[in-house]
1. Would you report the distance distribution of C-alpha pairs in region 44-183 as whole percents per 10 angstrom bin, up to the bin with the largest distance?
2. With a/c under 1.5 counting as rounded, go ahead and sort region 117-226 into rounded, prolate or oblate using the C-alpha gyration tensor (a ≥ b ≥ c being the square roots of the eigenvalues; past the cut-off, prolate if a/b is larger than b/c, else oblate).
3. Could you pull out every residue, at least 5 positions away or on a different chain, whose amide H is within less than 5 Å of the one on K148? Hs are placed 1.01 Å off N in the peptide plane, and Pro or chain starts have none.
4. Give the cross-link partners of K39 among the aspartates and glutamates, using a straight C-alpha distance below 15 Å as the criterion and excluding same-chain residues fewer than 8 apart.
5. Show that you can apply the helix-only estimate: for the chain, add -39,500 (n - 2.57) for every DSSP H stretch of four or more residues, divide by all residues, and state [θ] at 222 nm to the nearest 500.
6. Roughly speaking, what is the centre-to-centre gap between region 73-94 and region 131-165 when only Cα atoms are used, to the nearest Å?
7. Throw me the Rg/Rh for the chain, computed over C-alpha atoms with Kirkwood Rh, two decimals.
8. For region 29-110, with only Lys/Arg (+1) and Asp/Glu (-1) charged at the beta-carbon, what is the dipole magnitude about the Cα centre, in debye rounded to 20?
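What follows draws every value from the coordinates through simple rules; no lab data is involved. Remember, predicted model here, so these are calculated numbers, not experimental data. Reconstructed Cβ throughout: ideal geometry from the backbone, glycine too, with neighbour counts over all protein chains shown.
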Amino acid sequence: MDDRNMMALLERFQGGKISMEEVLEQLKKWPFEDLNYAKIDHHRALRQGFPEVVFAQGKTVKQVAEIMEHLAACNRNVLASRATCEMFTAVKALVPDAEFHELARMIVVRREASVVDEARVILVITAGTSDIPVAEEAAITAEVMGNKVTRVFDVGVAGIHRLFAQRQIIEAANVIIVVAGMEGALASVVGGMVDKPVIAVPTSVGYGASFGGIAALLAMLNSCAAGVAVVNIDNGFGAGRMASIINSMR
């Protein structure tokens, strides 16, 4: 339920199309709907501009399907991250217009396309091909939230000429998400090239001494390039959401 749904509900009541009892029945779900194992925050779209996003990892298939069904009943666009094919099959049975982005591990219900500002682009860059799943999570999140997204993959510092070949695209972006594992150096390099906010996403990609992304995380946190902020390891969703918030500011 967002502000437009709320206004439409009140207009229907004002026009005599629904009763007071029906309005109250709708409002009973506010501020949340209790499913016992989950308390769905239907109020979040009003507070933050986008509905609650389901973190599917750790939940059962049945739980993910039911939560998505209830969210989709009250919202036009809904996301679930870290989902499996099995989870998607169960969601699809309850929400027929759901889509699955297997590489990003995201289930998407997209019933309304937002008005996109073509001049304000979020650029998602990866150091390597192995970083693409996390990058896609960030990119799809930003797209569903109403942003134009450009992707540039596999331009890490081991072949830095590949990055410089994309300089025009990089400089045209309004917000940049840099996704990198191993030593995570790409975020500092990009941060030193632009006057735009850079959101760095360390990934768990790398050999033993990368410690599952901790090496990249520490390198990004210690970046000497101004304007670089860091989200958690493999947190593509967090980067996409933050980039969307920044991109919508005027």
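1. 12, 36, 31, 17, 4
2. Values: a/c = 1.75, a/b = 1.41, b/c = 1.24.
Verdict is prolate for region 117-226.
3. So K148 has HN proximity to D117, I122.
4. The qualifying aspartates and glutamates are E52, E66, E69.
5. When only DSSP H runs of four or more count, the value is -11000 deg cm²/dmol.
6. Centre-to-centre distance over Cα atoms comes out at 24 Å.
7. Working: Rg = 20.0 Å, Rh = 19.3 Å.
Ratio of gyration radius to Kirkwood radius for the chain: 1.04.
8. For region 29-110, the charge dipole is close to 180 debye.
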